[in-house]
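A short write-up of the structure that comes next.
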Amino acid sequence: MFNNYLKLVLRNIQRNKGYSFINIAGLVIGMTCFILIMLFVQYELSFDKFHQNADRIFRIIFQLPGEKFGTTEDMLAITPAPLAAALMEAFPEVESATRFNSANQLLLSKDDMHFFEAGVLADKNFFTIFSFKLLKGDQEKILDNLQSIIISQRLAQKFFGNDDPMGKTLTCSLGDFTVAGIAEDAPENSHIRFDWILPFASQFQPDDRARRLNVWNWDNYYSFIKLQPGSDVRVFEKKLNDFLKTKHGDWEFRLNFKYFLQPLHQVHLTSGYRYELGVPTDIAVIRLFTIVAIFVLLIACINAVNLATANASKRAKEIGVRKVVGSMRHQLFWQFTGESLFLSLLAFVAAMTLVTMLLPAFNHFVERTIAWNFFLNKMGIFGLIVIIIGTGLISGIYPSMVLSAMKPVTILRQKNTDQKKGMNLRNVLVLFQFSIAIVLMIASLVIFRQLGFIKHKDLGFNREQILVLRQADSGLTNNFEAFKNSLLQIPKVIDVTTSSELPININWATGIAFQQDNGEAKLVHRISARQWRSEIGALPASRSRL
């Protein structure tokens, strides 16, 4: 029976080449778009899930009541330095805890090689909480020595080539450090990225280290905990808030802070937290892309339904003859459904080939490194099977019902086989199809216009003509005026200024000073982004200084 159905499908494709090509091409385009978008969605949802016991790992964040940046509340992702260690001592529910500080750019040097590299300053529990693989070194003791450094495979190759870096020295602004470990490069789908790891306490001066490690009123570090199996998160949050109220001393305004536990797998999918590590993706964006992917595939399925029902009259005689010689309705139903599934399978194979060809360009477009291995697991394979069967059934069930329900007498008398009901449904489907397409086109146009606005908006300066230099040491800072005068001697240099941060990087400032024309500094306290832009606009660009 299967061989007979397969022969009928192939014969029908060969007999109706134009119809089959249009049908399959529509499904291929729909499937290709759907798979590419879902690869992106799957990549974003996979962040930090490679850690062992990731469901028991939480980041501590807090809510700051009050009017900041034009909002009623702020959520901050940073916490005090002593928090992690104190929680391990105070609560049996805490299996382990770690703290670390992120340094986006630290100048590392070896001989005549100097590179700015990103990394973290972490305590010894960093590798207990997170499943980053240490290729060389003892993770239990490696961060106890304040003069040790762990480097990634990439950094080891960059500085030492094929030589063994263990025991070699790297220099930075914090001192000289001995390579005591090599870590596997952090996965792309990790919100914690690093090329080096230094001991947490090494960032403080020795004479001030003990004090800085025990300051409860300075939030500047990321704290993560791993709870014991079966712990109640909400109950622990209440204990946490009660505990921290005893640590704020005379800082009464901190008594209104409210602390939360944020699951590790949600860290990348949040937006709007202050001092966020890396660039998160809003979960609303992921949901929007998922909806768009479903609609695109649905349009392709509707197109297949309309083509199949419109083509029903061409197969009327075949259906009539088959019914006269004894074919049952359910047999015809499964025959036509099988044809739809077969076309879906052909379209899927073509779509997979097209996706493989387009994936490098797609990665460049979305600025990600997405690979097929996101589907190389049980859930991924199951999802691909669902795409094939689901597409085949959605695009084939209704046409199968229409074709198998045709009456032999009506067909053989050559009366009109386009039933009014079928026509009405096709009209509804076409209307729905065009409505979705119009909505998607309008949304695309709005996004395109918005991106164009961002790209071409007059910012008050020509960013193509501004060069940013990092100040690698304090000597340049202390002798800035001499350095500035030297640069101004270059004919192409119009003006030179300095700042502690790039203006576009300001997150939350307690005070910003602008140098006015009369040489005096104008101080603005805790200003919003909108206020800050207005202050910048009110001053001559060449005289503005942070």
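The values are calculated or read from the model by the stated rules, or taken from the named source; none is laboratory data. These figures come from a predicted structure and were not determined experimentally. When we count neighbours, we look across all protein chains shown, and the Cβ atoms used for this are built from the backbone with ideal geometry, even at glycine.
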(message) Take the residues in segment 436-474 that are over 30 Å from the mean Cα position of the chain (by Cα) and surrounded by 10 or more Cβ atoms within 10 Å (Cβ to Cβ); name whichever of them is modelled with the lowest pLDDT.
(response) Ala472
(message) The conditions are (1) buried (at least 18 other Cβ atoms within 10 Å of the Cβ); (2) of a type outside the set (Lys, Arg); (3) farther than 21 Å from Pro65 by Cα, and Asp208 fails exactly one of them. Which is it?
(response) (1)
(message) Taking the criterion of being touching a Pro at 6+ places or on another chain (Cβ under 9 Å), in a helix (DSSP H, G or I) and in the same structural domain as Phe177 (by TED's automatic domain parsing), would at least one residue in segment 146-155 satisfy it?
(response) yes
(request) Could you tell me whether segment 242-253 includes any residue that is in contact with a Leu (Cβ under 6 Å, 6 or more places away or on another chain), on the phi < 0 side of the Ramachandran plot, modelled with pLDDT of 90 or more and not aromatic (Phe, Trp, Tyr)? (result) no
(request) Scan Val305, Val279 and give me the residue that is in a loop (DSSP other than H, G, I, E, B) and either modelled with pLDDT under 85 or surrounded by 17 or more Cβ atoms within 10 Å (Cβ to Cβ) (or both). (result) Val279
(message) Go through (1) of a type outside the set (Asp, Glu); (2) assigned to a strand (DSSP E or B); (3) surrounded by 14 or more Cβ atoms within 10 Å (Cβ to Cβ) for Lys158 and report which single condition fails.
(response) (2)
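Condition check ((1) surrounded by fewer than 18 Cβ atoms within 10 Å (Cβ to Cβ); (2) farther than 25 Å from Leu269 by Cα; (3) at pLDDT 90 or above) across all residues:
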residue	(1), (2), (3)
Arg15	yes, yes, no
Tyr19	yes, yes, no
Met31	no, yes, yes
Phe58	no, no, yes
Gly66	yes, no, no
Phe69	yes, no, no
(message) Pull out all pairs, ordered by first then second residue, where Cβ-Cβ is under 7 Å, the residues are six or more apart or on different chains, the first lies in segment 348-370 and is free of Cβ contacts under 8 Å to residues at least 24 places away in the same chain, and the second is of a type in the set (Val, Ile, Thr) and surrounded by fewer than 15 Cβ atoms within 10 Å (Cβ to Cβ).
(response) Asn363/Thr369
(request) Return yes or no: is Asp164 at pLDDT below 95 and farther than 27 Å from Asp55 by Cα? (result) yes
(message) I need the full set of residues from segment 158-187 which are of a type in the set (Asp, Glu) and in contact with a strand residue (DSSP E or B) (Cβ under 7 Å, 6 or more places away or on another chain), in order please.
(response) Asp176, Glu184, Asp185
(request) Might you check whether a residue that is crowded, with 16+ Cβ neighbours inside 10 Å, assigned by TED's automatic domain parsing to the domain that holds Ile22 and modelled with pLDDT under 75 occurs anywhere in segment 356-375? (result) yes
